[in-house]
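Enquirer: Provided herewith is a single structure, encoded as structure tokens, for subsequent inquiry.
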Amino acid sequence: MKELEEKYVQNQLLKGEVEELLKQKEIIEQKILELNITKNTIGEISKIKKGDFIWAPIGSDVFVSARIEDNKTFLSRVGADVSVKKTGQDVIKILDRQIKELNNSINQINIMVGKYVQELKKIEDEIIRLRKKNS
């Protein structure tokens, strides 16, 4: 009976791990989406003529009217409270690297989830076997 209880605990712990990994994956996927939107926005801003007005977001779905003075240079955060001017292409290269790293993380998560699911299957099979044995 004790062995069965241990298998139940293992099962619950592994299910918790899988859930946590899937939450992390979802957060990473959202970040990738955000980075892709940023890349597209850089491309769109590059097409705007100098002197044109746009509505620029300032947060919480609030926008301010702004005039485009330079559509080729962007300010990019590179660390804690440190930003540098970069060309749109340079920013896109940085974003592409970040997306690649995040996709690698997703691949690692998928591998771990796959291993955990296999282990869960073994544990569940063992639980069934132990239940039959104890019946």
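Enquirer: With each run of n ≥ 4 DSSP H residues scored as -39500 (n - 2.57), what mean residue ellipticity at 222 nm is computed for the chain after dividing by its residue count and rounding to the nearest 500 deg cm²/dmol?
Expert: -25500 deg cm²/dmol
Enquirer: In addition: Using the beta-carbon distance between Ser76 and Glu26 and R0 = 30 Å, what value does 1/(1 + (r/R0)^6) give for FRET efficiency, to the nearest 0.05?
Expert: FRET efficiency, Ser76 to Glu26: 0.70.
Enquirer: Hey, another quick one. If r is the Cβ-Cβ distance from Glu17 to Asn107 and R0 is 22 Å, what FRET efficiency results, to the nearest 0.05?
Expert: Between Glu17 and Asn107 the formula returns 0.80.
Enquirer: Hey, another quick one. For Val84 and Glu124, what is the calculated FRET efficiency with R₀ set at 41 Å and r taken between the beta-carbons, to the nearest 0.05?
Expert: 0.20
Enquirer: State the extension gain, in nm to one decimal, for the chain segment bounded by Lys100 and Asp52, taking 0.36 nm per residue of separation less the distance between their alpha-carbons.
Expert: My answer for the length gained is 13.9 nm.
Enquirer: What Kirkwood radius, in Å to one decimal, follows from the Cα pairs of the chain?
Expert: Mean inverse Cα-Cα distance, inverted, gives 19.0 Å.
Enquirer: Taking only Cα atoms, what is the 0 to 90° angle, nearest 10, from helix 2-47's long axis to the longest principal axis of the chain?
Expert: Roughly 10 degrees, rounded to the nearest 10.
Enquirer: For the chain, take the longest principal axis of its alpha carbons; what is the angle in degrees between that and the long axis of helix 88-134, to the nearest 10 within 0 to 90?
Expert: The two axes meet at around 10 degrees.
Enquirer: With the dipole of the chain worked out from charges on the C-beta (+1 for Lys and Arg, -1 for Asp and Glu) around the Cα centre, which of Ile58, Ser135, Ile48 lies farthest toward the positive end?
Expert: The residue sitting farthest along the positive end of the dipole is Ile48.
Enquirer: What value in Å³ per residue do you get for the convex hull of the alpha-carbon atoms in segment 1-56?
Expert: 52
Enquirer: Percent of Cα-Cα pairs per 10 Å bin, from 0 to the last occupied bin, for segment 49-123, please list those.
Expert: All Cα pairs considered, the percentages come to 15, 24, 27, 15, 12, 6, 1.
We did not get these values from a lab; they are worked out from the coordinates using the rules stated. What you are looking at is a predicted structure, and each value in this text was computed from that prediction instead of being measured. Cβ: placed from backbone, ideal geometry, glycine included. Neighbour counts: every protein chain shown.
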